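Everything on this sheet refers to the single structure shown next.
The values are calculated or read from the model by the stated rules, or taken from the named source; none is laboratory data. The structure displayed is predicted, hence computed values, not measured ones. So basically every Cβ, Gly included, is an ideal-geometry build from the backbone, and we count neighbours across all protein chains shown.
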Amino acid sequence: MGTYLNPGKTAFEEAVNSAIYIDKTEIIRYLNSVVNTKQKYVSVSRPRRFGKTMTADMICAYYDREADSRDLFSERLLATAKLVQTDTKEIIWDKYLGCFDVIRLTMTKFFKRKKSVSDALDDMQRLVIRDLKKSYPDVDYFDDKDLIQTIDDVYADIDRQIVIVIDEWDAVFRESKDDKDGQTEYLDFLRDLLKDNEHIALAYMTGILPIKKYGKHSALNMFDEYSMMNPMQMAPYTGFLTSEVEELTVKYGRDLDSIKDWYDGYKVSDIIPPDPDHEILRETGKSPEGKKYDLYSPLSVVKSVMTGRISNYWNKTETYEALAEYIRKDYDGLKDSVALLMDGGRLKIDTSSYQNDMTSFTCRDDVLSLLIHLGYLGFDDESSEVFIPNKEIMDEFRTSTKSDEWIPTFKSFELSVELLKATWNEDADKVAEIIEKMHDKADNRTYNDEAALSYAIRMAYYAAQKYYTLIPETDSGKGYADLICIPSPKFADKPALVVELKYNKDANGAIEQIRNRDYPERLEHYKDNILLIGINYEKDLPNTDPKFKHHSCVIEKA
């Protein structure tokens with residue numbers, strides 16, 4: 001047994017022998033199905049505290065030919081799981097047990113000392129090569145400083161395949177955030193080490209971040225990625241499931257509802273690529289729907305169950321500054337988005353532009369995408385919405401937004417909430433008063449134009465996103481229909497809102513325009529539960545007039 005080659009089963013044994021152990025060995029059932037296939041490259045990303053290292057320890061213990069782990073796994077769920085069926089074979093649970101050499105790399109060991117990427121890679125190669133030469137001293141080594149060549153020399157000579165397990169694979173992107181050249185060098189090294197290497201039976205990488213993109217391509221495009229956004233077959237192994245937590249609370253006499261409020265909330269589904277051999281597909285002609293799972297933060301659940309205390313265990317492993325650093329980047333109104341999320345709202349985001357690192361942000365959605373992977377936000381893959389998952393994470397957000405710089409954001413959001421309530425109460429005077437305050441936040445250079453007014457209205461109703469889908473409209477040739485708010489299914493009792501703006505005219509005219517354009521008919525589903533909001537802004541009032549910059553409002557039911 002070596003440090004990096006065939007590390008053994010001790011680490012996994014410690015986990016199994018712990019007071020609380022949740023059996024996730026069935027993940028190996030899936031990994032066995034991809035051994036020596038085109039899908040043998042597996043990259044799994046999860047937040048801290050979600051069991052990444054324990055899973056890596058388990059995989060090493062199973063495949064390591066020197067570990068002698070049969071007794072360890074024969075008592076686990078893997079041994080009683082359903083057999084894996086493929087087009088060509090049936091895979092029993094122990095088919096690959098102890099069949100391979102295993103190379104285990106924990107990248108934080110090499111990159112945390114502030115070395116250059118080149119030096120860290122050199123150190124890693126020398127250490128692994130040392131283990132290989134100890135185990136295989138008789139191999140004719142061509143270049144014993146080059147890990148890729150050394151692996152080729154060893155496994156061409158002994159005709160045995162290897163499993164490579166890389167934990168904290170993304171350490172370089174966290175420890176050397178701004179070293180773009182070093183990051184590229186690292187990705188290229190991994191590609192050369194792993195891609196099209198017939199000696200590798202399985203490559204398993206785990207970390208917080210998905211695989212880094214640069215340009216339009218990825219150096220590691222041979223990997224299938226399983227993330228918090230799209231865990232696919234890895235979904236039930238990503239965190240603790242409700243059934244598993246229920247068993248713990250019964251065993252230790254803890255309160256399930258409290259633990260659920262504090263540590264649950266991560267929603268994932270195992271929507272997977274089409275499987276032509278799936279029994280449902282064969283019987284019905286349709287692919288099966290994905291199964292949905294509620295995930296709990298594993299470390300926090302274990303701490304709470306063991307101590308009997310409901311508390312924020314998140315900040316024991318990561319300071320609140322980590323979150324504060326990202327949410328103070330006010331891309332595209334990010335701070336307003338944070339205020340909405342902290343009010344219990346959800347936001348639809350586009351994750352496609354996120355570059356899977358911790359620095360390349362071009363918009364609000366890039367930062368929010370990162371927060372999903374860090375575990376600070378939950379993600380609904382059906383609606384593409386983010387949300388704060390539980391009380392533990394809400395506590396982190398509250399701590400991270402205590403500085404004075406957040407005061408204007410929360411004051412604006414409070415005004416928006418007040419505006420929404422005034423709208424529901426059909427208090428037109430109050431709506432006009434609040435719109436006046438919100439319009440004052442518009443750029444003074446564009447205050448007296450329709451674009452600024454339209455922007456001010458959208459910002460004023462920002463808090464409505466908690467209850468509605470907001471549809472801003474543009475000039476249709478018949479005037480501005482500025483905003484339509486459709487109640488979300490969860491708040492179907494709320495009235496639909498149609499907001500119409502007038503400029504130097506009158507609010508009654510805005511209401512009339514709504515009716516003339518048949519908006520209520522277009523919202524037939526919400527008939528008898530629609531509010532028409534007409535808002536007018538008078539441009540030409542002199543600043544000596546008591547009604548300077550005065551907005552007027554009329555609200556009617558439809």
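Could you tell me which residue of region 255-266 is modelled with the lowest pLDDT, considering only residues that are surrounded by 13 or more Cβ atoms within 10 Å (Cβ to Cβ) and either small (Gly, Ala, Ser) or part of a helix (DSSP H, G or I) (or both)?
Only one residue fits best here, namely Gly265.
Working only within region 83-98, note down all residues that are touching a helix residue (DSSP H, G or I) at 6+ places or on another chain (Cβ under 8 Å) and either free of Cβ contacts under 8 Å to residues at least 40 places away in the same chain or not assigned by TED's automatic domain parsing to the domain that holds Val172 (or both).
Once the filter is applied, which keeps residues that are touching a helix residue (DSSP H, G or I) at 6+ places or on another chain (Cβ under 8 Å) and either free of Cβ contacts under 8 Å to residues at least 40 places away in the same chain or not assigned by TED's automatic domain parsing to the domain that holds Val172 (or both), region 83-98 yields Asp94, Leu97, Gly98.
Do we find a residue being in contact with a Cys (Cβ under 8 Å, 6 or more places away or on another chain) and at pLDDT 90 or above anywhere in region 169-188?
Among the residues of region 169-188, not one is in contact with a Cys (Cβ under 8 Å, 6 or more places away or on another chain) and at pLDDT 90 or above, which makes the answer no.
Is there a residue in region 421-430 that is farther than 23 Å from Ile471 by Cβ and either under 16 Å from the mean Cα position of the chain (by Cα) or part of a helix (DSSP H, G or I) (or both)?
Among the residues of region 421-430, at least one is farther than 23 Å from Ile471 by Cβ and either under 16 Å from the mean Cα position of the chain (by Cα) or part of a helix (DSSP H, G or I) (or both), which makes the answer yes.
Among what's in region 243-254 and is of a type outside the set (A, V, I, L, M), touching a residue at least 12 places away in the same chain (Cβ under 8 Å) and in contact with a helix residue (DSSP H, G or I) (Cβ under 8 Å, 6 or more places away or on another chain), pick the residue that is surrounded by the fewest Cβ atoms within 10 Å (Cβ to Cβ).
Step by step, filter region 243-254, then rank; the result is Tyr252.
Looking only at residues in region 4-23 that are in contact (Cβ under 8 Å) with a residue 60 or more places away in the chain and more than 22 Å from Glu66 (Cα to Cα), which one is surrounded by the fewest Cβ atoms within 10 Å (Cβ to Cβ)?
Per the stated criteria, the residue is Ala19.
Would you mind finding the one in Ser287, Ser269, Ser218 that is at pLDDT below 90, under 30 Å from Arg160 (Cβ atoms) and surrounded by 13 or more Cβ atoms within 10 Å (Cβ to Cβ)?
Ser218
Looking at region 118-125, is at least one residue surrounded by fewer than 16 Cβ atoms within 10 Å (Cβ to Cβ), touching a strand residue (DSSP E or B) at 6+ places or on another chain (Cβ under 8 Å) and in a helix (DSSP H, G or I)?
No, there is no match, as no residue in region 118-125 is surrounded by fewer than 16 Cβ atoms within 10 Å (Cβ to Cβ), touching a strand residue (DSSP E or B) at 6+ places or on another chain (Cβ under 8 Å) and in a helix (DSSP H, G or I).
Out of the residues in region 69-78 that are part of a helix (DSSP H, G or I) and within 32 Å of the chain's Cα centre (by Cα), which is surrounded by the fewest Cβ atoms within 10 Å (Cβ to Cβ)?
Restricting to residues being part of a helix (DSSP H, G or I) and within 32 Å of the chain's Cα centre (by Cα), the top hit is Leu77.
Just to be sure before I move on: is Arg49 part of a helix (DSSP H, G or I), of a type in the set (Lys, Arg), outside the structural domain of Tyr266 (by TED's automatic domain parsing) and surrounded by 15 or more Cβ atoms within 10 Å (Cβ to Cβ) in the structure I sent?
So Arg49 does not fit the description; no.
How many residues does region 129-153 contain that are surrounded by fewer than 21 Cβ atoms within 10 Å (Cβ to Cβ) and in contact with a His (Cβ under 9 Å, 6 or more places away or on another chain)?
1
Among the residues of region 179-196, which ones are closer than 19 Å to Gln149 by Cβ and in contact with a Phe, Trp or Tyr (Cβ under 9 Å, 6 or more places away or on another chain)?
Answer for region 179-196, where residues must be closer than 19 Å to Gln149 by Cβ and in contact with a Phe, Trp or Tyr (Cβ under 9 Å, 6 or more places away or on another chain): Tyr186, Leu190, Leu194, Lys195.
If Ile457 satisfies all but one of (1) under 22 Å from Glu414 (Cβ atoms); (2) at pLDDT 90 or above; (3) crowded, with 18+ Cβ neighbours inside 10 Å, what's the number of the condition it fails?
That leaves (2) as the condition not met.
Is it the case that Met232 is surrounded by fewer than 22 Cβ atoms within 10 Å (Cβ to Cβ), of a type in the set (A, V, I, L, M) and in contact (Cβ under 8 Å) with a residue 12 or more places away in the chain?
For Met232, the condition - surrounded by fewer than 22 Cβ atoms within 10 Å (Cβ to Cβ), of a type in the set (A, V, I, L, M) and in contact (Cβ under 8 Å) with a residue 12 or more places away in the chain - is met.
Could you list all residues from region 174-221 that are closer than 19 Å to Ser352 by Cβ and of a type outside the set (A, V, I, L, M)?
Answer for region 174-221, where residues must be closer than 19 Å to Ser352 by Cβ and of a type outside the set (A, V, I, L, M): Pro210, Lys212, Lys213, Tyr214, Gly215, Lys216, His217, Ser218, Asn221.
Can you tell me which condition Asp101 does not meet? The list is (1) among the charged types (D, E, K, R); (2) touching a residue at least 60 places away in the same chain (Cβ under 8 Å); (3) in a helix (DSSP H, G or I), and all the others hold.
Among (1) among the charged types (D, E, K, R); (2) touching a residue at least 60 places away in the same chain (Cβ under 8 Å); (3) in a helix (DSSP H, G or I), Asp101 violates only (3).
Somewhere in region 329-342, is a residue closer than 28 Å to Pro489 by Cβ, in contact (Cβ under 8 Å) with a residue 40 or more places away in the chain, out of contact with any Ser or Thr (no Cβ under 9 Å at 6 or more places or on another chain) and buried (at least 16 other Cβ atoms within 10 Å of the Cβ)?
yes
Asp143 is checked against (1) of a type in the set (Asp, Glu); (2) free of Cβ contacts under 8 Å to residues at least 12 places away in the same chain; (3) within 20 Å of Asn36 (Cβ to Cβ); (4) in contact with a helix residue (DSSP H, G or I) (Cβ under 9 Å, 6 or more places away or on another chain) and fails just one. What number does that condition carry?
Among (1) of a type in the set (Asp, Glu); (2) free of Cβ contacts under 8 Å to residues at least 12 places away in the same chain; (3) within 20 Å of Asn36 (Cβ to Cβ); (4) in contact with a helix residue (DSSP H, G or I) (Cβ under 9 Å, 6 or more places away or on another chain), Asp143 violates only (3).
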